[in-house]
Structures are given as structure tokens and as C-alpha cells.
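Working notes for the structure below.
The values are calculated or read from the model by the stated rules, or taken from the named source; none is laboratory data. These figures come from a predicted structure and were not determined experimentally. Neighbour counts run over all protein chains shown; Cβ positions are idealised from the backbone, glycine included. Note: accessible area is taken over every heavy atom of the protein model, side chains too, but ligands, DNA and RNA are not part of it. Shrake-Rupley method; radii C 1.70, N 1.55, O 1.52, S 1.80 Å.
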Amino acid sequence: MGVYWIQNSIFFLILLCSGTQETSNFQKSNSTEVRLLHSLMNGYEAKVRPVQDWKTVINVHVDITIYAILSVEEKNQLLTTYFVYNRYWKDEFLQWNPRDFDNMTIISIPKENIWVPDIMINEFVDSGKPLGHSFVYIKNTGLVKFQKTNRVSTMCMFHTYFFPFDAHNCTLSFRSQLHTTKHINMSIGRTAKDVKKELSKFYNQGEWELVKVYSTYTLETDEDEEFAMLMFHIIFKRHPLYYVVNLIIPSILLMILDIIGFYLPIESGERITFKVTLLLGYSVFLIIVTDALPASAHTTPIIDSYFLVCMALFAISLMESIFIVRIVSKKNIKTKVPTWIKTLVLEKISILVCMKDKNWPIKTAQKFSDTPQDMETCSNDELTKYNENSDTATQTPAVTKKRTEILDSIFNEIVTIRQYIKHQNEERTSKEWLLVGYVLDKFLFWVYLITVMSYTVTMAICWSYHIAV
């Protein structure tokens, strides 16, 4: 009796559980969204265009919202962006009366269940993985909204000539791969005013700043068939502050130090050491900044030319210092300054650099240049010969002795004068070489300074004009 009662109890519990599950399944099957989904998918074919008349053209509204520029690869000509891709179109088979479904006007279903236009990006290289959902939103009027967030790499032609003040215009072209304008047409999803408002969503704290996004519509002909194409032009520019602080300003400071190096005395020899140190420092600086410069196979940035010219100017400055030191060192050789150098440097170039001095002993040196050689012809042998040829017969020994002492004294005075004049001429020659060195050094300094300033102003005008445009 007890066993029979237990069996009846178990059977009753099983019936109770089954009734509860059936009731739950019945409630689920009768929910509004499930009923609407079953109603929409009943007989729906996702492989063909959703139109009643095959001649009907489906108009797809395309729109993108760019949130960030992730990377720009100038060498590979690749642009990686993070944006939201929106598509809107009308599906004639996805319409319902809201009154039949508890006034429900919108539903979200997986995109695999319905027809989706095959609109792709022509510049597409690598789309990565979608970062958003893969659902579509459908309104009771048949309007389908497909929103997709993605990280996309596309091809773009970059012009880095004005780096780091460069701006670029990259185009994303959307086109159906198979359907012509007879089946699918495209239009812009938003107005220009709405697009301008979306610019505030762009992340501008990185290296790039989004300037403008505008779209154009065109028709592309392929095998006598027209395809609608919608192009979004993305204009963005680089934030140059980082490169100005770390590249341009240090280079300018090194150039200023090189110019100041001309004020070091040319006799000391420290100028060459200083300029060699600057040249080596600039070489190390170029090695460090090479990684920061964009690598492009099509154009060379103007800043590369700027660094190359600066390097050449450093080398020219060093060669100029070596040349001046070589000229000044001739004062120790005691060779005379050629007349043409005196005329060119001390009389003409000195006027250009405002170093003309009336007290320079140019003509005086020329006047007495032959005096030491003339005096060297007078020797002790000639004086002795003069004494021997004199009429000594009529002279007493005392007079002869006194006369000899006088002649010896005169000879010693002449030798002293000769040595003094020779020493003065040697000093004058040394001063002339030193003056030639100083005049040439100042002249070359002004030529170098004008060259550097002209090149700097030219570069600044080029960059400023590009920024203004």
C-alpha cells in the first residue's frame, strides 16, 4: 500500500513538471518579439534583394563617424582608422502593423538572417575584427539600420614633403561589388551640418587632428556597367609641436653655437676643436632623430634636406676655420704677403667688412722691403778694403788707429740698424698675415651668416605658406 502511494506521488509530480514546462514554452512562443520575428522570417529569403518588383532600385544611405586615427604608415602608405560605419535601406518584406504586436515599432535581429547590401571599401586592406555588435535594427516601416564599429586599414597616398607641418587627404570609397545602379544606388546619410557636429567626437589628443570630412557621389563605369560610388574625404593634419621641440629647435641652437664659434680667437686653435665637437654632436643628433622622420618611397621631407644642408654648413664652417688658421700660421714662416693679396684683402675686402685702418703699414712695408738686403752688402771685408786703399803713407800710425776705431764703430752701428730694421720688417710681415687672416675671417663670417639666415628664412616661408594654405 505504501509503495503504491509513492508511485502515484511520483507520477503526479512528473505531470506537474511537464505542465509547468509546457506553460513556459507556450508563454515564450507567444512573446511579442518572438511572434514578430517568426512573422517576419516566415518565407523570407535573405539571398535576394528584398523588393516586390525586380526593377525597383534599393537606395542605401551610407554614413561614417571617425573617432580616431590609430596609425599612419608613410612607408607602406597605410592608414588605420577607428570609425562607425552606418548603412540604412528599406526592406519591403520587413514591414508590420504595430497594432498586431503590442505597438512594437522596432526590433533587433542578427544580420545573418536578412539581406545586407554588399557595399565595401575600395581602398580596403585589412579590416581586422569587428568591435561592435552584428545586429541590425528594423522599424515597422521596413527601414533597416546596420551600424558597425571597426578598425580598418586602408591605402592612402601620403605627401610628407612639409613634415612636420604636413596635412593629408585620404579617401574611403564605398561601392557595391556586384550590383549596378539598376539594383543598388547610394546617397549620403547625413547633411554637412551633421557631419561637422560629429567632428567633436574625434580623439584629438594624439598626433593627428581631424580637420574636415566631406563626401562626394560619383558613378564608376566597369565593363559598360555603372556602379554608384560614395567617397568620404578625410582631411587631417599632424600636431607639429613635438617635432618642433625635439627636432627643429635643437638644430637651430646648434647652428647658433656654430655662428658664435667665429668669435673665438683664430690664433688660439680652440675654434677648430669647438667646431669639430659641434659637427660630431650634430651627427649624433641626426642618428637619434632618424627614427622620428617619416620614411617614404615617393617624396623626401623638406626637413631631411634642411638637416642635410645644416650638416653641410657645419662642414663648410669647419673648413673655413682651417683655412683661416692656415693663413695666420704663415706669420711664423716669415714669408712676405703677396702684393695681390694685400690689394684684394687689406684694401678692398676690408672696406666691405668695415675694417679699413689708415695706420696699417702696407706702403711702409713696401718702402723698406729692400733695405735689409742692401745693408747686407756692406760687410767688414769691404771696410777693410777701403782702409787698405786709403793713402796710408801720409797718415801717422796714431791717426790710422783712430780712423780704424771710428770705422769699426760706424760698422757696428750700421749692423745694429740693419738688424733692427730686419726685425721690424719681420714683425710687420707677421702683422700683415694676421691682418689678412682677420679680414678674411670676418668676411667669411658674414658670408656664412647671410647664407644661414637666408636659408632659415626660406625654410620658414615655405613651412608658413604651407600652413596658411
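Just to be sure I understand the filter: pairs with C-beta atoms under 8 Å, separated by 6 or more residues or on different chains, first member in segment 27-45 and more than 11 Å from ILE109 (Cα to Cα), second member modelled with pLDDT under 85. Which pairs pass?
Pairs that qualify, where the first residue is more than 11 Å from ILE109 (Cα to Cα) and the partner is modelled with pLDDT under 85, are ARG35/SER29.
So which of PHE83, PHE101, PHE124 ends up being open to solvent by less than 10 Å² (accessible area, probe 1.4 Å) and modelled with pLDDT under 90?
PHE83
For segment 60-88, what are the residues that are touching a Ser or Thr at 6+ places or on another chain (Cβ under 6 Å) and of a type in the set (S, T, N, Q)?
Answer for segment 60-88, where residues must be touching a Ser or Thr at 6+ places or on another chain (Cβ under 6 Å) and of a type in the set (S, T, N, Q): SER71, THR80.
Can you tell which of VAL325, VAL289 is over 23 Å from the mean Cα position of the chain (by Cα) and of a type outside the set (Gly, Ala, Ser)?
VAL325
Quickly run through segment 228-237 and pick out the residues that are over 18 Å from SER71 (Cα atoms) and surrounded by fewer than 20 Cβ atoms within 10 Å (Cβ to Cβ).
Of everything in segment 228-237, those that are over 18 Å from SER71 (Cα atoms) and surrounded by fewer than 20 Cβ atoms within 10 Å (Cβ to Cβ) turn out to be MET229, MET231.
State all residues of segment 104-117 that are open to solvent by less than 40 Å² (accessible area, probe 1.4 Å), under 30 Å from ASP222 (Cα atoms) and either of a type in the set (A, V, I, L, M) or modelled with pLDDT under 90 (or both); if no residue qualifies, say none.
Within segment 104-117, ILE114 is the sole residue that qualifies.
Within the set of pairs 6+ apart or on separate chains, which have a first residue in segment 249-264 that is free of Cβ contacts under 8 Å to residues at least 60 places away in the same chain, a second that is surrounded by 15 or more Cβ atoms within 10 Å (Cβ to Cβ) and of a type in the set (Gly, Ala, Ser), and C-beta atoms under 6 Å apart?
From residues that are free of Cβ contacts under 8 Å to residues at least 60 places away in the same chain, the pairs are ASP258/SER317.
Restricting attention to segment 222-241, which residues are within 16 Å of ASP166 (Cα to Cα) and either assigned to a strand (DSSP E or B) or small (Gly, Ala, Ser) (or both)?
Result: ILE234, ILE235, PHE236, LYS237, ARG238.
Which one of these is in contact with a Pro (Cβ under 7 Å, 6 or more places away or on another chain), farther than 23 Å from THR65 by Cα and of a type outside the set (D, E, K, R): PRO265, PRO250, PRO240?
Exactly one residue qualifies, and that residue is PRO240.
Taking the conditions exactly as written (modelled with pLDDT under 90 and polar (S, T, N, Q)), does THR277 satisfy them or not?
Here the answer is no, as THR277 does not meet what is asked.
Is there a residue in segment 133-142 that is at pLDDT below 85 and open to solvent by less than 80 Å² (accessible area, probe 1.4 Å)?
So far as segment 133-142 goes, yes, one or more of its residues are at pLDDT below 85 and open to solvent by less than 80 Å² (accessible area, probe 1.4 Å).
Might you check whether a residue that is touching an Asp or Glu at 6+ places or on another chain (Cβ under 9 Å), part of a helix (DSSP H, G or I), surrounded by 11 or more Cβ atoms within 10 Å (Cβ to Cβ) and modelled with pLDDT of 85 or more occurs anywhere in segment 43-56?
no
Could you please find all residues in segment 194-221 being over 26 Å from PHE165 (Cβ atoms) and open to solvent by 70 Å² or more (accessible area, probe 1.4 Å)?
Scanning segment 194-221 gives LYS197, TYR217, LEU219, THR221.
Tell me which of these THR191 doesn't satisfy, since it passes every other one: (1) over 29 Å from TYR465 (Cβ atoms); (2) at pLDDT 80 or above; (3) not charged (D, E, K, R).
THR191 satisfies all of (1) over 29 Å from TYR465 (Cβ atoms); (2) at pLDDT 80 or above; (3) not charged (D, E, K, R) except (2).
Output the residues belonging to segment 146-191 that are without any contact (Cβ under 8 Å) to a residue 60 or more places away in the chain, touching a Phe, Trp or Tyr at 6+ places or on another chain (Cβ under 9 Å) and not in a strand (DSSP E or B).
Within segment 146-191, GLN177, THR180 qualify.
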